[in-house]
Amino acid sequence: MIQRDLVIVGAGPAGMAAAATACRAGLGVTLIDENLSTGGQIYRQSPAALAGLSVPTGESSLHGKQMIGELESLKDQIEWLPNTSVWGYFPERRLAVRSDRGWQIIAAKQIILAAGAYEFVSPFPGWTLPGVMTPGGAQSMVKTMNILPGSRILIAGSGPFLLVVAAQLHAAGAEVVGVLETARRRDAFRHLPSLFSYPKLLRQGRHYLQQLRKANIPLHWGHLVTSAEGSECIENATIAACDGNGRPRGQASTIAIDTLCIGYGFVPRTELAQMADCAMEYCELIGGWIPQVDATFETSVSGVRVAGDGGGVAGAIVAEIEGTVAGLAAAHQLGTIDDVTYQARFDPLAKQLRKLRIFRSALDRIYRIRPGLLDLACPDTTICRCEEISRQEIEEGIEFGGTNISTLKVITRAGMGPCQGKMCWPAVARLIADKEGKSVAEVGNVRVRPPIGSLAMTDLLTELSLDPIQEKH
Amino acid sequence: MDATNHSSAKDESHPSVNADGVKTGSGPRRIEGNRGMRVDFTFDGKSIEAFEGETIAAALLASGGRTLRQTERKGEPRGLFCNMGICFECLVEVNGNPNQRACQYQVTDGLEIKSQPADSLERYE
């Protein structure tokens with residue numbers, strides 16, 4: 001088995017920055033991603049056959065193209081494994097990967113996990129109807145497939161990302177009937193001074209607000225979707241104003257739509273860090289459980305770093321800097337760059353991150369997940385989408401003794417489906433916390449075991465001997 | 001759900017143009033522009049037009065089909081949800097292999113795709 005200098009999992013902004021930095025610093029780099037091309041979710045590229053089409057995107061996607069191009073120029077030096085998923089971590093720094101070419105174990109002197117994040121949707125009546133989807137899902141349908149998910153679209157949830165998606169869906173020809181933001185306008189005003197700490201990002205936000213105004217798309221602060229109705233697909237959404245805790249108040253109204261894009265922010269993907277036994281901490285404002293890291297993003301496990309949203313949600317700009325720092329630190333640790341060079345590059349990056357942290361933490365506070373959202377789920381509302389477990393079944397399971405996630409999983413099957421709990425655990429943990437009068441941190445995290453994703457036994461039995469991934473020499 | 005609401009969401013079948021001069025229309029659809037090679041596949045026996053590079057989920061969405069499967073326990077309709085391979089809602093059977101994520105699977109000519117029915121309902125009752 002060949003031992004690589006550095007294996008990076010995830011080719012979004014953090015992974016790409018880490019790969020380019022470490023490669024230039026003299027490390028042998030292997031970059032792995034589930035997707036066919038680099039870019040991650042935010043800079044996701046169209047497949048080659050569709051690359052001629054393009055929906056107007058903006059400044060950030062230009063920057064993404066630059067990053068992708070930069071990585072492309074290093075392609076002879078970086079081992080790039082697209083369409084490859086990592087299904088397990090084994091000590092010491094060994095990753096089990098698989099693709100349609102086969103599977104293998106890759107050992108590494110250094111690992112950077114840059115797995116990104118996925119969207120959190122708080123369960124509500126009707127959220128399983130076709131036509132209800134995440135804003136990111138709708139965005140990538142438009143950006144990479146050039147297909148509109150619907151024609152009359154309501155966007156709801158929380159966070160500045162909603163504005164971006166609204167502007168893009170409008171530009172692509174959809175009728176965006178409105179954006180419902182759970183945070184109230186006064187929440188935004190309260191944190192406005194901190195947002196001036198990073199004028200460039202503040203300007204970006206203002207740009208999207210202006211685009212919405214130009215397109216006559218109303219933005220309703222302090223509003224939310226309380227339910228979705230329809231027989232085969234969503235036909236209506238019921239909407240209401242809400243208080244500071246996200247509890248509906250006043251008269252509800254109904255709006256006819258064919259698509260609802262709804263998301264309340266992002267959850268870091270930490271399965272590999274958990275499997276590696278990295279010490280974790282609960283940070284509600286940046287997405288939940290995250291690995292504890294030092295200034296170089298090294299976890300409690302030596303040689304394993306976590307960069308980007310997978311280590312706490314902070315967006316693409318932060319991810320890129322974190323990836324750069326992690327790549328530098330890996331090279332420094334392996335001795336390919338000296339102390340002076342390392343320090344000279346590290347200091348300004350660390351300073352930039354501190355500045356961004358002020359801005360990000362203001363955003364996190366404005367768009368925090370409100371406790372009342374969970375009350376939208378009725379007793380018969382599905383919480384675990386895979387196993388179709390309702391709120392009532394989960395609460396009965398908690399009463400039966402399922403006061404931590406693992407026990408509740410055994411009692412109710414919630415979290416046992418193919419998504420491996422990604423969709424339901426944030427809500428399940430909150431339900432346990434509410435019922436037991438504990439904090440979500442006290443409820444504890446879920447245990448992660450290999451494989452991540454589904455893996456057929458036959459894959460393991462046959463493909464190893466028949467067609468392993470070619471080693472690069 | 002009453003019928004009037006149902007039609008109000010779907011009856012705008014005439015294409016029109018929005019304030020920015022971009023064509024609007026009804027339901028999910030392809031945005032205009034030159035696409036790659038035409039490929040055809042079937043979904044539950046029905047022939048579906050698609051283009052090279054599209055995922056199964058994208059091509060089915062553009063054809064207007066939003067329900068990809070029925071759930072096993074309650075027989076509820078489900079469709080595309082996260083579109084990034086995380087949620088496993090868009091599972092379909094591809095050439096006889098069940099549980100393939102439609103959002104991660106690129107179409108090729110002649111694929112036989114089937115929706116996954118609620119046929120295991122009996123297990124639970």
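The values are calculated or read from the model by the stated rules, or taken from the named source; none is laboratory data. None of these values were measured; they are calculated from a predicted model. All Cβ positions, even for glycine, are placed from backbone atoms using ideal geometry, and neighbour counts span all protein chains on display.
Could you pull out every one of the strands (runs of 3 or more DSSP E) wholly within region A:246-312 that has 2 or more residues that are surrounded by fewer than 22 Cβ atoms within 10 Å (Cβ to Cβ) and within 14 Å of another protein chain (Cβ to nearest Cβ)?
A:248-256
Mind checking whether some residue in region A:179-200 is in a strand (DSSP E or B) and touching a Lys or Arg at 6+ places or on another chain (Cβ under 8 Å)?
Taking every residue of region A:179-200 in turn, none turns out to be in a strand (DSSP E or B) and touching a Lys or Arg at 6+ places or on another chain (Cβ under 8 Å).
Okay, residues lined up against (1) crowded, with 17+ Cβ neighbours inside 10 Å; (2) modelled with pLDDT under 95; (3) under 27 Å from B:Leu68 (Cβ atoms):
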residue	(1), (2), (3)
A:Ala172	yes, yes, yes
A:Glu181	yes, no, no
A:Pro193	no, yes, no
A:Tyr198	yes, yes, no
A:His207	no, yes, no
A:Ala228	yes, no, yes
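If I filter region B:85-100 for residues that are hydrophobic (A, V, I, L, M, F, W, C), part of a loop (DSSP other than H, G, I, E, B), more than 20 Å from A:Pro130 (Cα to Cα) and more than 7 Å from chain A (Cβ to nearest Cβ), do I get at least one hit?
Among the residues of region B:85-100, not one is hydrophobic (A, V, I, L, M, F, W, C), part of a loop (DSSP other than H, G, I, E, B), more than 20 Å from A:Pro130 (Cα to Cα) and more than 7 Å from chain A (Cβ to nearest Cβ), which makes the answer no.
Would you point out which residue out of B:Thr108, B:Thr42 is more than 7 Å from every other protein chain (Cβ to nearest Cβ), touching a residue at least 12 places away in the same chain (Cβ under 8 Å), in a strand (DSSP E or B) and among the hydroxyl-bearing types (Ser, Thr, Tyr)?
B:Thr42
Counting only residues that are in contact (Cβ under 8 Å) with a residue 12 or more places away in the chain and not assigned by TED's automatic domain parsing to the domain that holds A:Leu27, give me the helices (runs of 4 or more DSSP H) lying completely in region A:315-425 with at least 1 of them.
Hits in region A:315-425: A:339-366, A:391-399, A:405-412.
Evaluate the following for B:Met1: is it more than 18 Å from A:Ser140 (Cα to Cα) and modelled with pLDDT of 90 or more?
The answer is no for B:Met1.
Residues checked against (1) closer than 15 Å to A:Ser122 by Cβ; (2) surrounded by fewer than 17 Cβ atoms within 10 Å (Cβ to Cβ); (3) away from every other protein chain (no Cβ under 13 Å); (4) at pLDDT 95 or above:
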site	(1), (2), (3), (4)
A:Cys378	yes, yes, yes, yes
A:Arg385	yes, no, no, yes
A:Leu408	no, no, yes, yes
A:Arg413	no, no, no, yes
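Could you list, in sequence order, all residues of region A:287-323 that are closer than 24 Å to A:Gly159 by Cα and among the β-branched types (Val, Ile, Thr)?
Result: A:Ile290, A:Val306, A:Val313, A:Ile317, A:Val318, A:Ile321.
Modelled with pLDDT of 85 or more and either more than 7 Å from chain A (Cβ to nearest Cβ) or assigned to a loop (DSSP other than H, G, I, E, B) (or both), is that true of B:Gly21?
Considered against the rule, which asks whether it is modelled with pLDDT of 85 or more and either more than 7 Å from chain A (Cβ to nearest Cβ) or assigned to a loop (DSSP other than H, G, I, E, B) (or both), B:Gly21 comes out as no.
Within region A:212-225, take every residue that is buried (at least 19 other Cβ atoms within 10 Å of the Cβ) and away from chain B (no Cβ under 14 Å) and give me the one that is farthest from B:Gly79 (Cα to Cα).
Going through the qualifying residues, I end up with A:Gly222.
Working only within region A:148-166, note down all residues that are within 13 Å of chain B (Cβ to nearest Cβ), crowded, with 24+ Cβ neighbours inside 10 Å and out of contact with any Gly (no Cβ under 8 Å at 6 or more places or on another chain).
A:Ile153
A:Ser194 versus (1) within 30 Å of A:Ala377 (Cβ to Cβ); (2) away from chain B (no Cβ under 11 Å); (3) in contact with a Ser or Thr (Cβ under 9 Å, 6 or more places away or on another chain): which is the lone unmet condition?
Here A:Ser194 clears every test but (1).
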